[in-house]
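A.B. asks: What follows is a structure written as structure tokens; I'll ask about it next.
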Ligand SMILES: Nc1ncnc2c1ncn2[C@@H]1O[C@H](COP(=O)(O)OP(=O)(O)OP(=O)(O)O)[C@@H](O)[C@H]1O
Ligand SMILES: [Mg+2]
């Protein structure tokens, strides 16, 4: 199962991604947490994982991708492991350090002034999602970059479900509605998580999206705030997140 965690900048995508990764781990699943944000650097800390080589670096960086494309010209096929069907075992081991039982993969980061745009990261992520053959117990959780550019790149057509994270702000509500329409365009099912939620937020959001699409409400919690403030691992179990992950499990899946 491939889950794409989307939403406004700062809404809580990374926090929710790690909470979900841990919840699936408790359900006995093999979890691959994918950091698809080319800017922020902290997901591995929230997950308790060492920093490792990104997938893009393992593929030779932007220059490596470019030369492979040129070599493949004019057939337009790029020989890379992720461009044909592949499984968990094919991912370069050095890119997936163990974060206390969860594996974490970074797609790529902007690191150098003037290196160019983040298109190569999107260019790797899309076929990576498309071609990953998840085993029955594999749960891939993708912490997407903020905003909606990845929808413009058609990346979101290759997940099994989009999880939209909404924080208590009018901007976030508006974006949730637009993400819902974009998900429809991608033909990918969607569910939402209210984050830093309280009763006022539930009332306000009901004017923007169908409450039936809200599958979890995570409260503002000091333990999450402090993990974010200090860049340390999230070690909190949230019953709403546990219920969300159980609901996401395919009917009849072993638990
Ligand atoms: N439920 C919560 N309770 C308290 N603080 C929270 C909660 N969820 C997230 N936070 C805090 O809100 C901030 C933003 O969270 P997070 O980094 O997960 O958002 P994001 O959507 O991944 O941001 P970005 O778009 O920058 O990647 C962090 O400081 C985090 O610790
Ligand atoms: Mg983030």
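A.B. asks: When you scan the stretch 132-153, do you find a residue that is at positive phi and within 16 Å of ligand 2 (Cβ to nearest atom), even just one?
C.D. replies: There is at least one residue in the stretch 132-153 that is at positive phi and within 16 Å of ligand 2 (Cβ to nearest atom).
A.B. asks: If you check residue 182 against the conditions, is it outside any strand (DSSP E or B) and either more than 29 Å from residue 120 (Cβ to Cβ) or free of Cβ contacts under 8 Å to residues at least 40 places away in the same chain (or both)?
C.D. replies: So residue 182 passes the test.
A.B. asks: Whether any residue in the stretch 69-88 is surrounded by fewer than 14 Cβ atoms within 10 Å (Cβ to Cβ), over 26 Å from residue 209 (Cβ atoms) and modelled with pLDDT of 90 or more is what I want to check.
C.D. replies: Scanning the stretch 69-88, I find at least one residue that is surrounded by fewer than 14 Cβ atoms within 10 Å (Cβ to Cβ), over 26 Å from residue 209 (Cβ atoms) and modelled with pLDDT of 90 or more, so the answer is yes.
A.B. asks: Right, something else. Residue 163 - would you say it is in a loop (DSSP other than H, G, I, E, B) and either near ligand 1 (Cβ under 9 Å from one of its atoms) or buried (at least 21 other Cβ atoms within 10 Å of the Cβ) (or both)?
C.D. replies: So residue 163 does not fit the description; no.
A.B. asks: As an exercise: evaluate residue 144 against (1) buried (at least 18 other Cβ atoms within 10 Å of the Cβ); (2) without any contact (Cβ under 8 Å) to a residue 60 or more places away in the chain; (3) within 23 Å of residue 61 (Cα to Cα) and give the number of the one condition it does not meet.
C.D. replies: The failed condition is (2).
A.B. asks: Now for a separate question. Specify the residue that is farthest from ligand 2 (Cβ to nearest atom); the eligible residues are those in the stretch 219-237 that are farther than 17 Å from residue 198 by Cβ and part of a loop (DSSP other than H, G, I, E, B).
C.D. replies: 237
A.B. asks: Moving to a separate point now. Just one of 223, 204 is in contact (Cβ under 8 Å) with a residue 12 or more places away in the chain and either surrounded by 21 or more Cβ atoms within 10 Å (Cβ to Cβ) or away from ligand 1 (no atom under 15 Å from the Cβ) (or both); which is it? Working first, answer last.
C.D. replies: Values: 223 fails: either surrounded by 21 or more Cβ atoms within 10 Å (Cβ to Cβ) or away from ligand 1 (no atom under 15 Å from the Cβ) (or both).
Matching residue, one of 223, 204: 204.
A.B. asks: Going residue by residue through the stretch 118-130, is there one that turns out to be surrounded by 12 or more Cβ atoms within 10 Å (Cβ to Cβ), part of a loop (DSSP other than H, G, I, E, B) and in contact (Cβ under 8 Å) with a residue 24 or more places away in the chain?
C.D. replies: Looking for residues that are surrounded by 12 or more Cβ atoms within 10 Å (Cβ to Cβ), part of a loop (DSSP other than H, G, I, E, B) and in contact (Cβ under 8 Å) with a residue 24 or more places away in the chain, one finds at least one in the stretch 118-130, hence yes.
A.B. asks: Sort out which residues of the stretch 31-48 are more than 9 Å from ligand 2 (Cβ to nearest atom) and within 14 Å of residue 142 (Cα to Cα), and write them in order of number.
C.D. replies: If the condition is that a residue be more than 9 Å from ligand 2 (Cβ to nearest atom) and within 14 Å of residue 142 (Cα to Cα), then 31, 32, 33, 34, 36, 38, 44, 47 are the ones that fit.
A.B. asks: Between a residue in the stretch 4-17 that is on the phi > 0 side of the Ramachandran plot and any residue that is more than 7 Å from ligand 1 (Cβ to nearest atom) and assigned to a strand (DSSP E or B), which pairs come within a Cβ distance under 6 Å, given they are 6 or more apart or on different chains?
C.D. replies: 7/164
The values are calculated or read from the model by the stated rules, or taken from the named source; none is laboratory data. Fair warning: this is a prediction, and the values are worked out from it, not measured in the lab. Glycine gets a Cβ as well: all are built from the backbone with ideal geometry, and neighbour counts include every protein chain shown.
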